[in-house]
Amino acid sequence: MAGVSHDHGEGHTHDHRHDHGHDHDRDQGQEHGHGHDHRGVGERRLLIVIGLNVVLAVAQVIGGLAFGSVALLADTIHQAVDVVGLTASLVALRLLRRGPSPQRSFGWGRADAIGAGVSGLILLASTAWLLVEAVSRLADPTTVDGGPVALLGLFGVAVNGGCALLLSGGTHLSQRAARLHLFTDAGGSAAVVVAGVVVAVTGWSRVDPLVSIGLSVVVVWATWGLLRRAGQVLTDATPAGLAPEAITAVMKGVAGVTDVHHLHVWSLGPDDVAVSAHLLVDGERTVHEAQVLTAHVEDALRDRFGVSHLTVQVECHPCEAPDH
């Protein structure tokens with residue numbers, strides 16, 4: 001099995017490759033250190049965001065019960081589940097600090113998918129309960145104090161919007177997912193404000209459960225997409241948008257590659273794509289020539305599809321059996 005090399009030309013001298021490798025190791029060390037710094041900052045910011053969201057969730061529960069607002073309770077349940085999601089992001093960042101190990105050679109990249117799956121299932125269960133409650137309120141509407149409900153909704157918009165901005169500097173996937181949840185929460189809180197204003201101005205209490213139903217539909221739609229993506233990662237499915245035929249064509253487009261078979265494409269985590277394959281090459285190449293060729297294949301797949309892990313077996317004649 002030929003490994004992937006960073007050496008892209010046969011004319012490199014041994015000394016040049018040695019210097020390049022030294023510089024690469026130094027750069028990798030710097031990037032690794034900066035990565036730990038960014039994750040440390042991200043963890044601290046996530047802790048602040050989690051604390052603020054807990055305070056908001058408690059305030060919304062008290063307000064929803066006190067003012068009889070199902071829409072506010074719907075946003076509260078979503079808020080509470082998102083606290084679980086934010087906590088999962090925090091745990092994922094801390095697990096990623098550990099990196100690969102002999103027992104976990106790919107590291108903890110799938111912690112994100114596991115956390116997303118658990119949060120998604122909890123969110124679906126809570127949303128089902130809220131839908132039942134909202135439908136019952138449509139049939140038998142209760143009095144809603146619109147003014148305080150609108151004020152609590154504004155508080156939710158401020159907290160969620162501010163928290164999203166607080167995480168705006170993070171580049172990790174868990175932080176991006178957290179920002180998406182927070183922006184969604186801000187939109188839900190804005191809907192609560194609209195419901196509160198309508199009730200305060202018109203006295204039409206049915207707008208409150210109607211807004212709750214609308215929010216629940218949006219949440220279910222977003223949660224289904226989240227669960228589907230998590231399931232794709234956990235079941236080693238081919239990532240969406242990556243056709244094996246297209247990957248094969250790119251690999252065969254590299255000079256020296258005559259055929260590609262036993263191709264496997266899967267996700268180690270969000271935006272972390274792995275590929276393994278057998279490459280049939282022309283002629284009988286030296287180990288160095290095979291390494292240079294696989295480096296060109298690696299570059300092509302990274303540039304075109306963002307592949308981060310490539311494992312190839314180089315062959316000078318076809319496999320004797322269909323399966324190897």
Practice item. Over the stretch 193-252, average the accessible area per residue using a 1.4 Å probe and give it in Å², no decimals. Key: 54 Å²
Review point. Amide H to amide H under 5 Å from A237: which residues, 5+ apart in sequence or cross-chain, H placed 1.01 Å off N in plane?
Key: S267
**Study point:** V307 long-range amide H proximity, modeled H, under 5 Å
**Key:** R302
Practice item. Under 1.5 on a/c is rounded, so check that first for the stretch 195-324, then, if it is not, pick prolate when a/b is larger than b/c and oblate when it is not; a ≥ b ≥ c are the square roots of the alpha carbon gyration tensor eigenvalues. Key: prolate
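Going by average Cβ neighbours within 10 Å, how do the peptides 276-288, 257-269 rank, with the highest at the top? Before the final figure, lay out each step's value.
Values: 276-288: 14.8, 257-269: 17.8.
Ranking, from highest mean packing down: 257-269, 276-288.
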**Study point:** Percentage relative contact order, the stretch 200-324, counting C-alpha pairs under 8 Å, at least six apart
**Key:** 21 percent
Review point. What is the distance, in nm, between label points placed 7 Å from the Cα along the Cα-to-Cβ direction at R97 and at C316?
Key: 5.0 nm
Review point. Can you work out ³J(HN,Hα) from phi for every residue in the stretch 274-280, in order, using Karplus 6.51 cos²θ - 1.76 cosθ + 1.60 and θ = phi - 60°, giving whole Hz and x for Gly and Pro?
Key: 10, 9, 10, 6, 9, 10, 8
**Study point:** Computed lengthening from T235 to V287, 0.36 nm per intervening residue step minus Cα-Cα distance
**Key:** 15.3 nm
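The values are calculated or read from the model by the stated rules, or taken from the named source; none is laboratory data. In this text, all values refer to a predicted model and were calculated from it rather than measured experimentally. Every residue, glycine among them, receives a Cβ derived from its backbone with ideal geometry; neighbour counts consider all protein chains shown. Protein only, heavy atoms only, side chains kept; ligands, DNA and RNA dropped before computing areas. Shrake-Rupley method; radii C 1.70, N 1.55, O 1.52, S 1.80 Å.
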